[in-house]
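The values are calculated or read from the model by the stated rules, or taken from the named source; none is laboratory data. Quantities reported herein were computed from a predicted structural model and do not represent experimental measurements. FYI the Cβ positions are ideal-geometry reconstructions off the backbone, even for glycines, and counts take in every protein chain you see. These accessible areas exclude ligands, DNA and RNA; they are computed on the full protein's heavy atoms, side chains included. Shrake-Rupley method; radii C 1.70, N 1.55, O 1.52, S 1.80 Å.
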Amino acid sequence: MGDLAARLEEYLSARIAGARDIRVVDLARIHGGASRETYRFTAHWSEDDREIERGLILRRDPTSSLIETERALEFAAYRAFHGSGVPVPEPLFFETDPRWLERPFFVMEEISGCQASPMALAAPPYADVRERIGEAKWRILGRIARMDVAGTELARTLEAPAPGECWSRELAKWEKVLDEDELGPQPIVRAAIRRLRREPPSPAARVGVVHGDYRTGNFLYDERGDVRAILDWEMCHLGDPLEDLAWAMTPLWAWPDASKPGKLIARERALALWEAESGLNVDSKAFAWWELFSCVKGIAIWTSSAREFADGKSRAPINVAAAWYATDIHNRVLVDMLAPKVEAAS
Amino acid sequence: MNPTVNDVLGALSGHLFSEVLPLLSASYAQADTMMAALLLAGAAEEYGRAAEVRSADIREMRELFAEAARRLPPGALRDRVAAAAAHEAKSLRIADLDACRDELAGTLIALHGTVEATRETWACELDARIWQHLRASTQRRAMATSPF
């Protein structure tokens, strides 16, 4: 850790104009980011006869991760949304030159005094403000769906699909992940993919920004119940906003009680808040398609983590937890979604 | 008799939770240790049932294939399904049971796709039976605890 701090001091000295005597202290790795190594630290420096202290976050590409993502994408998303009605940390530096920290990384502002863990919502002080957090969560997702990113670096980074192609592009992407990474045949998820292809959804009402992993656990909230920052934008893309809504509501994040998605507020209330903020109506048939798709996407991600572990690219326990527990739950959800229709027809 | 493997794994999991975790100060180490303890509990659960879960999957799929082989028209799929109905694991080792299960699951995917596309009564009934098997299989494999 000492070497990393010294290298960070060297980097920040080169990047912050006018800064002198930069010191990096309290550098500590934060758990949870499987797709990036995440560290918290405090930087001290002198500038124009002032002493400055700032809490910062370092996000560095790991040697391997659950999802292979475009490294510039997350930084571009933070830049596009910073200062908008969608709270995100201020992005500061993005670096691809390996001479600094061996792998690409970026540095952003630390939002202090917050919590991200879904488990913390079960006890005071956060249990007391869960309704407020829930309302903010679904409203912000509506704002993401409404956001016009035209002219931003993010828009230049992302390819916009036609409204009728959103579903097929995403389905093909995650089916390919399954094809490439699965350790053994998975009849349930393959049946789900066939169903999704047989019964496609209506075209997207709007092609907008899709966060890609919007869920409880990927935003920071405080004791007042304010959502202070939306994090983990590495799977961000343009597509049907219903994709984000369905992923955020997939039963895994509220297991075993899906009536309060993300363990926050009632599903009906969440849908109403999202509709009001996004200006979109939830087409129930199309939404059912995206909910089924969310399970397929989930299993593809958990399959990737199983592959990472099995191949020895990453022996992190989180990879096994995803492979065992999340796959188990998503398979059970898929069976409950798919089997009744067949059983009723036979 | 020596302690069973699932008992040992369960005890190790409990030891990490109750004895080691409270001593850790770094949040990253705490979270990683908690995850390791959870996985040991999952491994304990899996150890006790691993052979039974796999054997039941294999038995049920072979029964489905025997039924399907009587119904399918002559062709490559029927030959494959008929062969799968007689397929057996090389031994009771978990790796061999897994290999057998994977072989049969690949055949099941091919059969299921064909059954779905065949709108005849026998195919609808077989489709429902396949889902009964898939439901039973997920129930057998369901984990008692969850980090989510």
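Just need a number here: residues in segment A:304-319 that are part of a loop (DSSP other than H, G, I, E, B) and without any contact (Cβ under 8 Å) to a residue 60 or more places away in the chain.
3
Which of the helices (runs of 4 or more DSSP H) contained wholly in segment B:1-116 include at least 2 residues that are surrounded by 15 or more Cβ atoms within 10 Å (Cβ to Cβ), within 11 Å of chain A (Cβ to nearest Cβ) and touching a helix residue (DSSP H, G or I) at 6+ places or on another chain (Cβ under 9 Å)?
Result: B:27-71.
Let me spell it out: the conditions are (1) open to solvent by 30 Å² or more (accessible area, probe 1.4 Å); (2) touching a Lys or Arg at 6+ places or on another chain (Cβ under 8 Å); (3) part of a helix (DSSP H, G or I), and A:LYS285 meets all of them except one. Which number is the exception?
(2)
Quick one: A:PRO200 ticks every box in (1) at pLDDT 95 or above; (2) buried (at least 18 other Cβ atoms within 10 Å of the Cβ) bar one, so which box is it?
Going through (1) at pLDDT 95 or above; (2) buried (at least 18 other Cβ atoms within 10 Å of the Cβ) one by one, A:PRO200 breaks only (2).
Find all pairs meeting these conditions: Cβ atoms under 8 angstrom apart; at least six residues apart or on different chains; first residue within segment A:191-203 and over 22 Å from A:LEU238 (Cβ atoms) and within 14 Å of chain B (Cβ to nearest Cβ); second residue aliphatic (A, V, I, L, M) and open to solvent by 50 Å² or more (accessible area, probe 1.4 Å).
As it stands, the answer is A:ALA192/A:MET337, since those pairs meet every condition given.
Considering each residue of segment B:117-148, count those that are within 8 Å of chain A (Cβ to nearest Cβ), acidic (Asp, Glu) and either closer than 17 Å to A:ARG198 by Cβ or not in a helix (DSSP H, G or I) (or both), and give that number.
Total meeting the criteria: 1.
Tally the residues that are within 14 Å of another protein chain (Cβ to nearest Cβ) and assigned to a helix (DSSP H, G or I), restricting the search to segment A:250-278.
Number of matching residues: 7.
List the helices (runs of 4 or more DSSP H) inside segment A:71-167, counting only whole elements, that have at least 3 residues being of a type in the set (A, V, I, L, M) and open to solvent by less than 60 Å² (accessible area, probe 1.4 Å).
Counting at least 3 such residues, we get A:71-81, A:130-146.
Note down all Cβ pairs under 8 Å where the first residue falls in segment A:324-346 and is more than 7 Å from chain B (Cβ to nearest Cβ) and over 18 Å from A:LEU178 (Cβ atoms), the second is at pLDDT 80 or above and crowded, with 21+ Cβ neighbours inside 10 Å, and they're at least six residues apart or on different chains.
Once the first residue is more than 7 Å from chain B (Cβ to nearest Cβ) and over 18 Å from A:LEU178 (Cβ atoms) and sits in segment A:324-346, no partner that is at pLDDT 80 or above and crowded, with 21+ Cβ neighbours inside 10 Å comes close enough.
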